[in-house]
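J.: Shown below is the structure under consideration.
The values are calculated or read from the model by the stated rules, or taken from the named source; none is laboratory data. None of the values given here were measured: they were computed from a predicted structure. Here the Cβ is made from the backbone with ideal geometry for all residues, glycine too, and neighbour counts use every protein chain on show. Keep in mind that these areas ignore ligands, DNA and RNA; they rest on the heavy atoms of the full protein, side chains included. Shrake-Rupley method; radii C 1.70, N 1.55, O 1.52, S 1.80 Å.
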Amino acid sequence: MALTADPDEDLVRRVGQGDPAAIQALVARKLPRMLSLAHRMLGDAAEAEDVAQEAMLRAWKQAPRWTPGQARFDTWLHRVGLNLCYDRLRKRREIATDTLPERVDEGPAPDRGLMAAATGARVEAALAGLPDRQREAIVLCHYQELTNIEAAALMTISVDALESLLSRGRRALRLALADIRPGAEGA
């Protein structure tokens, strides 16, 4: 099966040559998705920024050695971002603490909809409660908008295995969020 053309190939080549405009374009194109991926996987904005910056730094360092045709650059970058997230998740489990960290309220301002903020927080909490692989599948397919084939390749599993993870993840989210109905007044 031949790989489709990589839309980032020329940009990565120019980044590898040290073109400042290409570096800026790569960051503008990829950083928002890396931030989104990391935030959904980690649930922490500061950690998400750290992960996204590290992923972009690795992309910049890898660009001179990038070999077109082996894999899409975007797929490689997502894998780097996911690996960095998993490293942080492992470290979290290793650190035992008696106190919970303070969390900054990142929801919309009160005049912008308390219900939307509460629902968003519930969805984020439910997503964070999923097993890692189910959360990864949901994030890649629903939030990062990768196709099932792309997500399965990124996770190095079959499409059937991905669909199973998605099915179990969706079922768990439906159960955790069963009391939320579109347009309902109550939580």
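J.: Are any residues in the range 136-166 in contact (Cβ under 8 Å) with a residue 40 or more places away in the chain, open to solvent by 20 Å² or more (accessible area, probe 1.4 Å) and in contact with a helix residue (DSSP H, G or I) (Cβ under 6 Å, 6 or more places away or on another chain), and if so, which ones?
T.: Listed by number, the residues that qualify are TYR143, LEU146.
J.: Out of (1) surrounded by fewer than 15 Cβ atoms within 10 Å (Cβ to Cβ); (2) under 19 Å from the mean Cα position of the chain (by Cα); (3) within 29 Å of ASP10 (Cβ to Cβ); (4) at pLDDT below 90, the odd one out for LYS91 is which?
T.: That leaves (3) as the condition not met.
J.: Restricting to the range 8-19, count the residues that are in a loop (DSSP other than H, G, I, E, B), of a type in the set (D, E, K, R) and free of Cβ contacts under 8 Å to residues at least 12 places away in the same chain.
T.: Qualifying residue count, the range 8-19: 1.
J.: Could you give me the residue pairs with C-beta distances under 7 Å whose first residue belongs to the range 28-49 and is over 13 Å from ALA128 (Cβ atoms) and in contact (Cβ under 8 Å) with a residue 40 or more places away in the chain, whose second residue is open to solvent by 50 Å² or more (accessible area, probe 1.4 Å) and aromatic (Phe, Trp, Tyr) wherever it lies, and which are 6+ apart or on separate chains?
T.: SER36/TYR143
Quick grid of which residues meet (1) outside any helix (DSSP H, G or I); (2) over 19 Å from LEU35 (Cα atoms); (3) among the polar types (S, T, N, Q); (4) modelled with pLDDT under 90:
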| site | (1), (2), (3), (4) |
| --- | --- |
| ALA121 | no, no, no, yes |
| GLN134 | no, yes, yes, no |
| ILE138 | no, no, no, no |
| CYS141 | no, no, no, no |
| ALA151 | no, no, no, no |
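J.: Of everything in the range 2-32, what is at pLDDT 90 or above, surrounded by 19 or more Cβ atoms within 10 Å (Cβ to Cβ) and not aliphatic (A, V, I, L, M)? Give them in sequence order.
T.: Scanning the range 2-32 gives a single hit, LYS30.
J.: Within the range 43-61, how many residues turn out to be open to solvent by less than 50 Å² (accessible area, probe 1.4 Å) and within 14 Å of LEU26 (Cβ to Cβ)?
T.: Looking only at that region, the number is 4.
J.: Looking for whichever is surrounded by 13 or more Cβ atoms within 10 Å (Cβ to Cβ) and either modelled with pLDDT under 80 or not β-branched (Val, Ile, Thr) (or both) here; the options are ALA117, ALA184. Which one fits?
T.: ALA117
J.: Here's a follow-up. Restricting the search to the range 20-71, which residues are acidic (Asp, Glu) and in a helix (DSSP H, G or I)?
T.: Across the range 20-71, the qualifying residues are GLU47, GLU49, ASP50, GLU54.
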